[in-house]
Amino acid sequence: MRLFIGLELPADMRRELDGLSKLLRERSCGGRFVPQENFHLTLQFLGETDDLAGAVSAMREACRGIRPFRLGLGRYGYFEKTASGNHRVSLVTVTGDTGELGVLRETLASALADNGFPRDRSRFMPHITLGRNVEHDELVAEELKGFPLSSSMTVTGITLFESSRINGRLTYSPLHREKF
Ligand code: 2AM
């Protein structure tokens, strides 16, 4: 199965992101957009693996020293090319206790390596993906960057997701939640 570990986002935050995503759809041509229910923040992509027990054990180890922390939505941006091989990722940055988020990602990366997963050496650039290969010009990017985003959340745990197609729809199913 195709697995990744990330943060679930509260409904009000996903609604706010969907407002920005609607404007992005109006102002751009083409691209694949993430539906509101799939918005999340990826901490570690595991890829194809059946080692559920190893992933859960790494999550448990990683969360041991972590305390709840706050994150908020930053603003619209995009990467031209990402670790996942997409040519352009339209995204929203995050604000708040990003230092704590970085520590969580690091401890998770180490715990996964200790549990036999390949060490992920890619640079962590925390973001929430809105769409892939979405085309727009700089003027539109400036307008989107001005879109007001104000919701925030307390992060109290991490989630192991399975990514699969159910009736043709890309679905992220939570398999395990580890609280801290
Ligand atoms: P992205 O949003 O930055 O593209 C589930 O597929 C999540 O795992 C996506 O949000 C995606 O992050 C990330 N992902 C998918 N394929 C990946 C890959 N090959 N390498 C790294 N991350 C990947």
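Bear in mind these aren't lab numbers, they're just calculated from the coordinates by the rules spelled out. All values derive from a computational prediction rather than experimental measurement. We place every Cβ from the backbone using ideal geometry, glycine too, and count neighbours over all the protein chains shown.
Around Val140, under 12 Å between beta carbons, what's the net of Lys plus Arg minus Asp minus Glu among the other residues?
Here the count lands on -3.
So who's got an amide H within less than 5 Å of the one on Gly157, skipping anything under 5 residues away but keeping other chains? H placed 1.01 Å off N, in plane.
Distant-sequence amide H within range of Gly157: Phe180.
Name all residues of region 137-180 having a backbone nitrogen under 12 Å from the label point set 7 Å from the Cα of Phe45 along its Cα→Cβ direction, giving them as ranges.
Those under the cut-off are none; the list is empty.
Provide the descending list of Cα extents for the chain along its principal axes, expressed in whole angstroms.
46, 34, 28
Where does the charge balance sit around Met125 when Lys and Arg score +1, Asp and Glu -1, over other residues with C-beta under 15 Å from its C-beta?
Net local charge, Met125 excluded: +3.
Compute the length gained on full extension between Asn38 and Thr171: take 0.36 nm times their separation in residues and subtract their Cα-Cα distance, giving the result in nm to one decimal.
Gain in length upon complete extension: 47.2 nm.
If you place +1 on the Cβ of every Lys and Arg and -1 on the Cβ of every Asp and Glu, how big does the dipole about the Cα centre of the chain come out, in debye to the nearest 20?
Computed charge dipole of the chain: roughly 80 debye.
Zone of Glu143 (label point 7 Å along Cα→Cβ, backbone N under 20 Å): which residues in region 15-40?
Under 20 Å, as judged by backbone N against the label point of Glu143, lie 16-34 of region 15-40.
Using a Förster distance of 30 Å, how high is the FRET efficiency between Phe79 and Arg2, based on the Cβ-Cβ distance and rounded to 0.05?
Once the sixth-power term is evaluated, E becomes 0.90.
Under 19 Å Cα-Cα from Lys22, which aspartates and glutamates qualify once same-chain neighbours fewer than 8 residues away are excluded?
Asp12, Glu37, Glu135, Asp137, Glu138, Glu142, Glu143
Can you give me the relative contact order of the chain as a percent, contacts being Cα pairs under 8 Å and 6 or more apart?
RCO, the chain: 34 percent.
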